[in-house]
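The values are calculated or read from the model by the stated rules, or taken from the named source; none is laboratory data. Not measured: the values here are computed from a predicted model. Because the Cβ atoms are built from the backbone with ideal geometry, glycine has one as well, and the counts that use them run over all protein chains shown. To get the accessible areas, we keep the full protein, side chains included, count just its heavy atoms, and leave off ligands, DNA and RNA. Shrake-Rupley method; radii C 1.70, N 1.55, O 1.52, S 1.80 Å.
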Number of protein chains: 2
Amino acid sequence: MAGRRDHATLQTIASEIGVTPSTVSRVLNSASDSSARRWASADTIRRVRESAAAHGYSPDPQAVGLRTRRSNLIGVVVPRLQDYVLATIYEGIDEAARGEGFATLVTNSLDDPKKHELVVETLLSRRVEGLILGDAHIDGTYLDTVAERGVKFVLVSRRARDFISVTCDDHLGGRLVAEHLLATGRSNIAILAGEPYASTGIDRTQGAVDALRAAGVDVSADLVVHGPFDVQGGRQATERILSRHPLPDAIFATNDFAAIGAMGALRDRGITIPDDVALVGYNDTALAAALPVPLTTVRSPMHEIGRRGLALLLAMLRDEPVESQRLTPTLVIRESTGTGRRAPAPAPVTVRDESVPQRRDARGVCHTLAACLDPPG
Amino acid sequence: MAGRRDHATLQTIASEIGVTPSTVSRVLNSASDSSARRWASADTIRRVRESAAAHGYSPDPQAVGLRTRRSNLIGVVVPRLQDYVLATIYEGIDEAARGEGFATLVTNSLDDPKKHELVVETLLSRRVEGLILGDAHIDGTYLDTVAERGVKFVLVSRRARDFISVTCDDHLGGRLVAEHLLATGRSNIAILAGEPYASTGIDRTQGAVDALRAAGVDVSADLVVHGPFDVQGGRQATERILSRHPLPDAIFATNDFAAIGAMGALRDRGITIPDDVALVGYNDTALAAALPVPLTTVRSPMHEIGRRGLALLLAMLRDEPVESQRLTPTLVIRESTGTGRRAPAPAPVTVRDESVPQRRDARGVCHTLAACLDPPG
DNA sequence: CTGAAAGCGCTTACAG
DNA sequence: CTGAAAGCGCTTACAG
């Protein structure tokens, strides 16, 4: 008798108060007493509700699902739940799902396409109504099969091809970082670009490269290093850079955890932040502000990405037209790019007019290079 | 038509090959062809399997569940999935569940008893067969109600009362830390004890206090500070200690993230690790080794706790007798308690015979104070 | 306002 | 070896 305890059924209530299950069902499925009056007398309604409450009745989701052909289940696939960023996005998804009467089933894919396919099949065999995928590879052809089968899904965090997605504007995020570094006098910048298949790292890197190029600064291709989005990956990528090149002005880790790994590698060589090299992370995780050297980073609305992903998927399930969403990141400046301990930053050599004051917003953030170069209002 | 695509049913296959759904069901539910021979001819078996494969048939879990009165669903409640430790434990749970044909439904309770009750009700209304709870409060009376209802559950990570649990031996972990600190010459120790309702922090603290007391060292009660098990909590607890007391010899943060917070607070005051103060964390998360100052910490088998929790619950569901399990932690010594930069540690003043060499294992870990005090083999 | 009936997809005695 | 039937708990036309 594995585990299932006794739950009251419609029949329990029906026979207790002397009506049929049909009536009980209709009353319990009515939003309000007044709408229930279409189906039952005031007295019946009261007695149904009382009995249901007394028994702690809740409809059997398996029976409801079988009858209505719906599961109220959403499948979620993430690279790894251990990753703070994905865990936070998932929290957003689950919270929103709960609010809409859905439950979610999550699984790790470890960014392995084979495992991804496997877990998607498992999810589908559980009859999830749709999928939210946080592990898309930018050219992921394996998404085609699931799309062709008519499965509805939305991507979160990472975009891929033309599939519907909710992302942060990672290109903008990269630009904000590069412009901040330029504004503080750095132009020789190494980038920890993350996995080559993740649009997050790709776009953040490209955004930075584009902004630098717009300022006349070229990023050396071998200062752009790929690797896992975690502490270990950041450490190794940084070690690779340090072993082959003279120390750059700044390191842009496209992930906070990679930035922490970079800190470790830098410290091993006695290199201090920000005096010897500036360091920037990405995501503004809970750690960033509390690190020994507080980390300049880009805040991305992780929780909101999850919430919106769920909302978008539900819209798709209702066959409403939907469009991809791109949320806005904000730069958060802390000591790791600190100007406090450093000689006043010279303007980047490539800027044409050094006399032009930089334009910054109220938080001291210089939002676009163009704005920085424009003469003030 | 929200989302559900067409799935082949037993009827699809049955009519295709000219048998009844009963036969198809029996064949498909047979483990092997030979056992299926009890139910069908070799030819029928072959044709059923072929047709099922061609259609990508998978049984509808709602129908199966309705009929068999089982959901193959396990509910999991954690304080917060954003927490690396709980996320890792959950990965262990889900992995094991998957292997046993179960799926899991996770939710955060944020350690709020009200929310806990709410999410448990939601899980139960989804007809989970049992629960794994990672958010138990040590005297949590609210577990009684669920127990009285006959719901089977096991606790993971934290123990409470006499409920079945899978934990790490936190008392031992605390002892290992204290003995290591004593062995490196520290005896004035502050403890970031975590939330007062979590057995993890309580036991780790008690283990340390007991070991110190056994060495004749008393821990001042106001050097034991409670607070959240996260970066922010660790930072605040440390600030409280620093503002009210002279600097202790060592800080034992009963959680790695709290230790990172402590690092931040120490750095703000220009206090260096390990020269001015030693710092110890707990859990050996991926961060510990890669931090600017690599963190001495205690490794706890988080993933294994999850796996075993699931195994224990399944045993309970089969009405097998089960007992709580307590897994063994190991001390991992790194620079944050480093001896390299520090004058050779004097033996703690309270140790009776200073001439007795300390006994250590191959990894340089002194496992029990008793062992340390015994003369070598 | 209420009931009787069908049926979602499955499993499993009961017959043969 | 195979089928016909019942029934898990629900919802929802169809009748009245």
Here the whole-number average of other chain Cβ atoms within 10 Å per Cβ of B:281-294 is 5
Shortest first and in nm, the label-point separations between B:D6 and its counterparts in the other identical copies (7 Å out along Cα→Cβ) come to 4.4
One would report the antiparallel percent of DSSP beta bridges in the protein assembly as shown, rounded to the nearest 5, as 10 percent
Connecting every pair of Cα atoms under 10 Å apart in chain A and solving the GNM, the largest mean-square fluctuation among A:H226, A:H180, A:H55 falls on A:H55
With x for Gly and Pro, the residue-by-residue ³J(HN,Hα) of segment A:66-83, computed from phi through the Karplus equation 6.51 cos²θ - 1.76 cosθ + 1.60 at θ = phi - 60° and given in whole Hz, is 4, 6, 8, 6, 9, 10, 6, 10, 10, x, 10, 10, 10, x, 7, 5, 4, 6
Gyration tensor on Cα atoms of segment B:103-197, a ≥ b ≥ c root eigenvalues, a/c under 1.5 rounded, else prolate if a/b beats b/c, else oblate, says prolate
Note on chain B, DSSP bridge orientation, antiparallel percent to nearest 5 equals 10 percent
Heads up, segment A:170-265 by the C-alpha gyration tensor (a ≥ b ≥ c square roots of eigenvalues; a/c under 1.5 rounded, else a/b over b/c prolate, else oblate) looks oblate
Ranked by GNM mean-square fluctuation in chain B (Cα springs under 10 Å), the top entry among B:A42, B:A286, B:A237 is B:A42
The answer for GluC sites (Glu not before Pro) in segment B:84-178 that fall in a DSSP coil and have at most 13 neighbouring Cβ atoms within 10 Å is B:E100
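From the square roots a ≥ b ≥ c of the eigenvalues of the alpha-carbon gyration tensor of segment B:1-160, which class results: rounded (a/c under 1.5), prolate (a/b over b/c), or oblate?
Judged from the Cα gyration tensor, segment B:1-160 comes out prolate (a/c at least 1.5, a/b above b/c).
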Long-range amide H partners of B:V106, meaning residues 5 or more apart or on another chain whose placed amide H is closer than 5 Å, are A:V106, B:V76
Normalised per residue, the volume inside the convex hull of the alpha-carbon atoms of the protein assembly as shown in Å³ amounts to 213 Å³
Taking protein heavy atoms only, a 1.4 Å probe, and rounding to whole percent, the accessible area of segment B:223-296 owed to carbon and sulfur comes out at 50 percent
dims of chain B, Cα set, principal axes, largest to smallest, nearest Å -> 87, 48, 39
Taking the label point 7 Å from Cα along the Cα-Cβ vector, the copy-to-copy distances for A:S324, listed from shortest in nm with one decimal, are 5.2
Ignoring ligands and nucleic acids, B:I17 exposes an accessible area, probe 1.4 Å, in Å² to the nearest 10, of 20 Å²
Summing +1 per Lys or Arg and -1 per Asp or Glu among the other residues with Cβ less than 15 Å from A:L28's Cβ gives +3
Ranking A:T20, A:S58, A:S41 by how far each Cα lies towards the positive end of the charge dipole of segment A:10-59 (+1 on Lys and Arg Cβ, -1 on Asp and Glu Cβ), the top one is A:S41
Counting only residues 5 or more apart in sequence or on a different chain, those whose built amide H sits under 5 Å from that of A:L327 are A:T167, A:C168, A:D169
For segment A:284-290, Karplus-derived ³J(HN,Hα) couplings (6.51, -1.76, 1.60; θ = phi - 60°; whole Hz; x for glycine and proline) come out as 6, 5, 4, 6, 3, 6, 9
In a Gaussian network model of chain A with springs linking alpha carbons closer than 10 Å, the residue among A:R299, A:R46, A:R80 that fluctuates most is A:R46
Mean per-residue count of partner chain Cβ within 10 Å for B:151-157 equals 1
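Please get the size of the charge dipole for segment B:10-59, origin at its Cα centre, with Cβ charges of +1 on Lys and Arg and -1 on Asp and Glu, quoted in debye to the nearest 20.
Roughly 160 debye for segment B:10-59.
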Taking segment A:10-59, the equivalent ellipsoid from its C-alpha gyration tensor has semi-axes in Å, biggest first, of 15, 11, 9
